[in-house]
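The values are calculated or read from the model by the stated rules, or taken from the named source; none is laboratory data. Predicted, not measured: the structure shown is a model, and the values here were computed from it. Please note: Cβ atoms are built from the backbone with ideal geometry, for glycine as well, and neighbour counts cover all protein chains shown.
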Amino acid sequence: MPKSRRRPRPARGKTKSVFLNIPYDRRFTRLFLAYIAAVSSFGLIPHATLEIPLSKRRLDRILSLIARSQYSLHDLSRVQLDTSNPRTPRFNMPFELGLTVALQRCKTPRHSWVVLESSPHRLQKSLSDLNGTDPFVHSGTVRGVFRELCSVFVSTPLRPTVPQMFAVYRLLRSQLPKLLRSSGSSDPFNARVFSDLCVLAALAASNIV
Amino acid sequence: MQPIVATGPATTPRKTAKALSVSPTRFRRLSALYRSLIRDSSNSHPASHAKIKAKTSTRAR
């Protein structure tokens, strides 16, 4: 009996979300765009604490955002002393990583998290409690972020190549000034610009990948 | 560290917009912006977006 030809069914279930724990720092803008471009290229939805409205209690919203995301990427490459006085270390990223680990252990065991760093042995020094956890090292470059995220995500709905991710990234980079003008902001680290960038990245990814 | 096995459907631009609470009007504007970009790039540059798409999708296969 001849086999009936069936169209491959689209995968069922909910689209997966990725929580981005990244620094909101002008010098990190290129990598910020790279993370949005890459996560969207993999067919996943990026989320960040930037979306949190000021009216809500921030910590509650961070916890619910992490709990609702299936994956989280924690970039600890900018855990360093602030330049403005008083000079303090930046605790937000390690703190959110700690919240994620606790949530994953106690409440959301299916949540997967990974740590990204700019140099190989920095994590051992800055956060020795994570010894035995190898970070993905992106060397502080856009290409490095794309390369490492290809290693992080396997069997994703979409399998983008690095040139495809670069095409999405270049589009975001070229449109960033226009999005900043339209939102009246001077840096991309606000809710409106972040959501616009994510939608543009999804539009580009759906055409390119 | 173990890689993440991420199964499930790929997102669509509309799903992304909904997940990020982007209003339908804003979504239409962003879609229009994206379409105009594609049109402009394919009109003005030989290395157009369409060509990038063709090139990368061939490479992916």
- Task: Among what's in the stretch A:71-128 and is among the hydroxyl-bearing types (Ser, Thr, Tyr) and part of a loop (DSSP other than H, G, I, E, B), pick the residue that is surrounded by the fewest Cβ atoms within 10 Å (Cβ to Cβ).
- Result: A:SER84
- Looking at A:THR88, A:THR100, A:THR83, which is the one that is more than 20 Å from the chain's Cα centre (by Cα) and either within 22 Å of A:ASN190 (Cβ to Cβ) or in contact (Cβ under 8 Å) with a residue 60 or more places away in the chain (or both)? A:THR83
- Query: Got a sec? Which of B:ALA50, B:ALA32, B:ALA17 is aliphatic (A, V, I, L, M), over 25 Å from A:GLU148 (Cα atoms), out of contact with any strand residue (DSSP E or B) (no Cβ under 7 Å at 6 or more places or on another chain) and at pLDDT below 80?
  - Reply: B:ALA50
- Item | Residue check for A:PHE146: under 14 Å from the mean Cα position of the chain (by Cα), surrounded by fewer than 22 Cβ atoms within 10 Å (Cβ to Cβ), of a type outside the set (D, E, K, R) and within 22 Å of A:LEU44 (Cα to Cα) | no
- Task: Assess whether A:LEU65 counts as being closer than 22 Å to B:LEU20 by Cβ and assigned to a loop (DSSP other than H, G, I, E, B).
- Result: no
- Candidate set from the stretch A:40-80 (those that are small (Gly, Ala, Ser) and touching a residue at least 60 places away in the same chain (Cβ under 8 Å)); member that is nearest to A:ALA167 (Cα to Cα): A:SER41
